[in-house]
1. Looking at (1) in contact (Cβ under 8 Å) with a residue 40 or more places away in the chain; (2) open to solvent by 30 Å² or more (accessible area, probe 1.4 Å); (3) touching a Phe, Trp or Tyr at 6+ places or on another chain (Cβ under 8 Å), which is the one condition that is false for residue 46?
2. Among the residues of the stretch 56-106, which ones are surrounded by 19 or more Cβ atoms within 10 Å (Cβ to Cβ) and among the hydroxyl-bearing types (Ser, Thr, Tyr)?
3. List pairs: first residue in the stretch 50-67 and touching a residue at least 60 places away in the same chain (Cβ under 8 Å), second residue in a loop (DSSP other than H, G, I, E, B) and open to solvent by 30 Å² or more (accessible area, probe 1.4 Å) anywhere in the structure, Cβ distance under 6 angstrom, at least six positions apart or on different chains.
4. What number of residues within the stretch 2-18 satisfy the criterion of being open to solvent by 70 Å² or more (accessible area, probe 1.4 Å) and either more than 19 Å from residue 101 (Cβ to Cβ) or modelled with pLDDT under 95 (or both)?
Amino acid sequence: MSTKDEKFDQYDQAYIDADDNYNDDITAAKGKPELIYRIDANYARISGMWSLAKRLKLDANNDAIDAALNNAKAANKAVKDGRAAAAKIATTVKKVDAVVGALATLTDELRKV
């Protein structure tokens with residue numbers, strides 16, 4: 001079973017990536033409104049979930065929470081790998097979408113506890 005720190009680390013990792021890369025992602029979007037909207041939406045959702053994570057029962061465990069955590073880990077790793085490989089912005093934004101979805105699922109599971 002996972003630890004409280006292990007769960008929060010996934011929120012933290014996503015927030016740090018979004019915060020550190022926000023301006024570069026907007027610049028790389030080259031004025032494409034759909035990408036800029038997604039970058040903004042992802043940043044807002046990640047920021048909100050990061051704040052909410054501090055109030056969730058991160059010490060809770062069950063199969064659904066562990067599955068959601070594993071998905072969040074994989075999604076965060078895909079973003080990190082994508083940035084390291086200098087992936088095109090649209091591909092990276094889609095990977096960040098996956099982080100947002102995975103963290104939303106983890107958040108929902110933790111709220112149920």
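The values are calculated or read from the model by the stated rules, or taken from the named source; none is laboratory data. Please read all numbers here as calculations on a predicted model, not as lab measurements. As a convention, Cβ positions derive from the backbone with ideal geometry for all residues, glycine included, and neighbour counts pool all protein chains shown. Remember, those area values only see protein heavy atoms, side chains included, never the ligands or the DNA or RNA. Shrake-Rupley method; radii C 1.70, N 1.55, O 1.52, S 1.80 Å.
1. The number of the failed condition is (2).
2. The answer is 92, and nothing else.
3. Once the first residue is touching a residue at least 60 places away in the same chain (Cβ under 8 Å) and sits in the stretch 50-67, its partners that are in a loop (DSSP other than H, G, I, E, B) and open to solvent by 30 Å² or more (accessible area, probe 1.4 Å) give 61/1.
4. Total meeting the criteria: 3.
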